[in-house]
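So the structure is just underneath, and the comments pick up after that.
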Amino acid sequence: MRGVTTVRTCHRVRACCTLIVAVVLGAAANADVPYNTYTFDWRGFPTASPHAYVPQAVLTGATLGVGSLSIPAHLFVSPSGLLYVADSGNHRVLVFDDRFQLFRIVETFAWEGRTELLANPQGVFVDDREHLYVADTSNGRVVEFDSFGTAVNVFGRPDTELLDEYATYEPLKVVLDKARRIYVIARGVNQGLIELDSDGRFRGFMGANRVTPNALDFLWKLIATDEQRARMVRFVPTEYSNAVIDSRGYIFVTTASVGTDAIMQSLNPDDLRPIRKLNLTGTDVLRTLDNQWPPVGDISIGLGFGAVPSQFVDVALGVAETYVTLDRVRGKVFIYDSDGILLAAFGRIGDRIGTFRGPSSITYLGDRLLVLDSILNQIIVFQPTEYGRLLFEANRLYQERSYAESAAAWQRVQELNTNLEVAYAGVGRAQLRGGYYSDAMESFRLAHSPSYYSRAFQRHRRVIVERYFSVFMAALLGLIAVWIVVRARRRRRRRRTNA
Amino acid sequence: MREIASDVRFSLFLTVHPFKGFWDLKHERRGSVRNGVIIVVLVTITEVFRRQATGFLFNYMTDTTRINLLAESLAILIPVFLWTLANWCLTALLDGDGSFRDIFIATSYALVPLIIINIPMVGLSHLVVEEEGAFYYFFTSFAVFWTGGLILLGTMVTHQFTLGKSILTALLTIVGMGLIIFVALLFFDLMQKMYAFVFTIVREIVYRM
């Protein structure tokens with residue numbers, strides 16, 4: 001008897017041991033990832049999430065075989081899959097294939113019979129002909145190279161009086177649309193993007209960062225003295241920090257130079273909109289939902305010292321109109337869906353593999369995310385986890401109107417992350433479409449989406465009313481009949497007693 | 001039993017016949033402090049119930065898993081008490097006829113619409129969709145305005161004021177409530193500072209002994 005119990009305890013101990021080992025291993029597997037991944041719930045509280053991306057590799061200049069990088073400013077992946085790196089401090093642009101083998105170095109070029117050098121190039125862009133456009137910042141020009149690396153065009157300072165004539169012209173980023181119009185972000189120019197036609201002639205500014213003074217500011221300005229007025233923070237429009245163009249010609253721009261003071265003093269920080277999707281006329285058409293947190297990066301930033309809002313330096317466009325923004329303040333990557341709802345946020349400032357010091361640019365290479373660090377002079381490669389793939393899969397299927405498959409994918413996302421409200425909404429939309437109205441109501445309640453809940457509830461109510469209408473009416477008519485009979489009888493009795 | 005039924009009937013009568021109702025409340029001694037307390041407690045329960053049980057469509061900004069019963073109750077009890085106190089302080093100076101007791105009873109009876117409208121509204125909130133929410137919001141704000149009107153008329157009848165004077169009194173009472181809160185906070189702050197002062201002196205003495 002005693003022996004048996006010992007054996008049993010042994011089993012239990014072994015089971016316990018395996019459990020502990022499993023837990024420790026799990027912790028170890030988690031500890032490889034030096035950051036937390038999270039989303040926000042409807043109250044704006046961060047809630048834990050499985051990792052959507054994990055660091056895969058760190059590429060320094062040495063591992064890439066090009067010497068060390070120096071203050072690299074920009075990453076760009078061309079339509080054919082080549083990776084362009086603006087190695088600004090070394091005054092060159094590096095080109096790699098998708099396996100990070102060096103393909104070309106753009107450093108000097110021949111132009112009008114002379115050999116020209118790049119100087120501190122801050123931005124690169126490649127169009128569908130594989131023509132490379134370099135924002136040659138310190139030389140104040142944009143240089144166009146053809147697919148063989150030969151310079152074919154140089155666009156200098158735009159010929160216009162609208163730019164401050166005493167300021168040097170320093171283009172930082174450049175994008176082109178399908179019609180080969182050139183949009184330039186230049187240092188110190190806050191009227192928006194500088195728009196040039198395909199020959200480099202100035203056409204105007206686009207998407208100016210409009211300043212809307214609120215009523216309170218106006219009131220203060222009215223009663224303030226001239227000296228006080230001079231001391232007030234001037235609400236100047238902010239500059240754009242980066243621009244990316246999508247396949248349909250919308251330009252995503254980010255603003256980073258939003259001063260902390262400006263945000264603190266503005267009554268409605270939502271007005272600042274750190275990421276915008278500009279259409280051809282320069283209007284912001286970024287989709288956001290009512291009753292949802294807008295895409296502004298971190299929401300619960302607390303108060304006091306260090307409570308600085310996120311400042312976006314770059315944006316990368318993913319599948320199904322999702323987009324990824326890079327915050328340089330806390331070194332974070334935010335993944336948003338097409339409605340501007342946060343799918344995952346991760347990253348932090350630090351010195352471990354997968355953390356950043358000076359994140360400056362982000363881009364997709366296939367399904368991997370590359371983040372450029374301009375202080376550690378390296379590229380960090382992130383690969384999606386199964387969870388991350390599922391997130392994008394669910395979004396893609398919904399975008400392609402494969403609702404049932406999308407719901408199945410959301411269901412799997414939900415199994416991996418019960419905190420994710422958007423997953424409940426994804427499942428709920430399929431339930432609503434499939435006619436499972438009360439299930440859809442429950443999903444939308446968990447997704448905290450009143451408008452969708454209302455839609456599901458309306459259908460559910462109609463079903464209930466239709467089902468029980470006949471019973472209800474019969475009961476009502478019955479009651480009325482009983483009441484009439486009782487009243488008639490009572491009246492007759494009263495008449496009899498009176499008589 | 002009959003007494004309770006009569007009291008309930010009178011409180012309902014008062015909500016639709018405020019002039020006669022408040023007059024009888026004071027001069028015919030139809031109300032009592034006990035009934036006033038019961039009404040205030042019922043209003044508190046109604047509010048808590050409303051916060052907890054209103055349908056998701058009209059309650060989605062509330063986290064129903066984290067409702068603090070004490071805070072919700074105090075959010076009703078403190079304003080009622082403050083209003084009575086400030087109104088009494090003020091009307092004593094402005095030749096009002098009502099005693100503290102009269103004011104409390106009139107104020108509490110004026111809260112009855114909050115009970116009789118808001119409880120059915122909890123049911124309604126489970127039956128209407130977002131587009132029909134106007135009905136819900138209309139009735140809930142109607143309850144608030146009704147109660148506000150009753151409080152105003154209650155002041156008027158209890159103190160035998162004119163309408164203009166009772167509106168002025170109501171506004172001054174709100175200012176008075178603010179003053180009371182200010183003085184109370186000041187008092188607590190000073191007490192805390194005094195406590196800290198005495199505490200440090202005692203500690204200093206203990207260290208040097």
### Query
Give me the pairs: first residue in the stretch B:106-119 and part of a helix (DSSP H, G or I), second residue of a type in the set (D, E, K, R), beta-carbon distance under 8 Å, and six or more apart or on different chains, which are they?
B:Ala106/B:Lys26; B:Leu114/B:Glu47; B:Asn118/B:Glu47; B:Asn118/B:Arg50; B:Ile119/B:Arg50
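The rows are residues; the columns are (1) farther than 26 Å from A:Asp98 by Cα; (2) away from chain B (no Cβ under 14 Å); (3) part of a loop (DSSP other than H, G, I, E, B).
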| site | (1), (2), (3) |
| --- | --- |
| A:Leu289 | yes, no, yes |
| A:Gly297 | yes, yes, yes |
| A:Thr363 | no, yes, no |
| A:Val371 | no, yes, no |
### Query
Of the residues in the stretch A:420-460, how many are of a type in the set (Lys, Arg) and exposed (fewer than 15 other Cβ atoms within 10 Å of the Cβ)?
1
### Task
Take B:Arg29 and decide whether it is assigned to a loop (DSSP other than H, G, I, E, B) and either closer than 26 Å to B:His159 by Cβ or touching a Leu at 6+ places or on another chain (Cβ under 7 Å) (or both).
yes
#### Entry: Filter result for A:Thr212 (modelled with pLDDT under 70 and either in contact with a strand residue (DSSP E or B) (Cβ under 8 Å, 6 or more places away or on another chain) or hydroxyl-bearing (Ser, Thr, Tyr) (or both))
yes
## Note on the structure
Condition set within 17 Å of B:Asn118 (Cα to Cα) and of a type outside the set (Val, Ile, Thr), scope the stretch B:53-69, selection farthest from the other protein chains (Cβ to nearest Cβ): answer is B:Ala53
### Query
Under the condition of being farther than 23 Å from A:Gly44 by Cβ and of a type in the set (Lys, Arg), which residue from the stretch A:439-475 is farthest from the other protein chains (Cβ to nearest Cβ)?
A:Arg467
### Task
For A:Gly478, state whether it is part of a helix (DSSP H, G or I) and within 14 Å of chain B (Cβ to nearest Cβ).
no
### Task
Scan (1) under 22 Å from the mean Cα position of the chain (by Cα); (2) exposed (fewer than 14 other Cβ atoms within 10 Å of the Cβ) for the single condition B:Met1 breaks and write down its number.
(1)
### Query
A:Arg495 fails exactly one of the following numbered conditions: (1) surrounded by 15 or more Cβ atoms within 10 Å (Cβ to Cβ); (2) away from chain B (no Cβ under 14 Å). What is the number of that condition?
(1)
### Summary
Log entry, pairs with first residue in the stretch A:114-129 being farther than 13 Å from A:Val142 by Cβ, second being surrounded by 23 or more Cβ atoms within 10 Å (Cβ to Cβ) and among the β-branched types (Val, Ile, Thr), beta carbons closer than 6 Å, six or more apart or on different chains, reads A:Asn120/A:Thr137
### Task
Please list, ordered by first then second residue, the pairs with beta carbon atoms under 7 Å, 6 or more apart or interchain, first in the stretch A:202-230 and over 16 Å from A:Gly188 (Cα atoms), second in a loop (DSSP other than H, G, I, E, B) and at pLDDT 75 or above.
A:Phe202/A:Pro158; A:Phe202/A:Asp159; A:Phe202/A:Thr160; A:Arg203/A:Asp197
#### Entry: The listed residue being part of a helix (DSSP H, G or I), small (Gly, Ala, Ser), touching a helix residue (DSSP H, G or I) at 6+ places or on another chain (Cβ under 7 Å) and free of Cβ contacts under 8 Å to residues at least 12 places away in the same chain, out of A:Ser470, A:Ser443, A:Ser438, A:Ser454
A:Ser454
#### Entry: Among residues of the stretch A:107-125, those that are buried (at least 22 other Cβ atoms within 10 Å of the Cβ) and either of a type outside the set (Phe, Trp, Tyr) or modelled with pLDDT under 95 (or both), counted
5
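The values are calculated or read from the model by the stated rules, or taken from the named source; none is laboratory data. Note that this is a predicted model, so its numbers are computed, not measured. Glycine also receives a Cβ, built like all others from the backbone with ideal geometry; neighbour counts cover every protein chain displayed.
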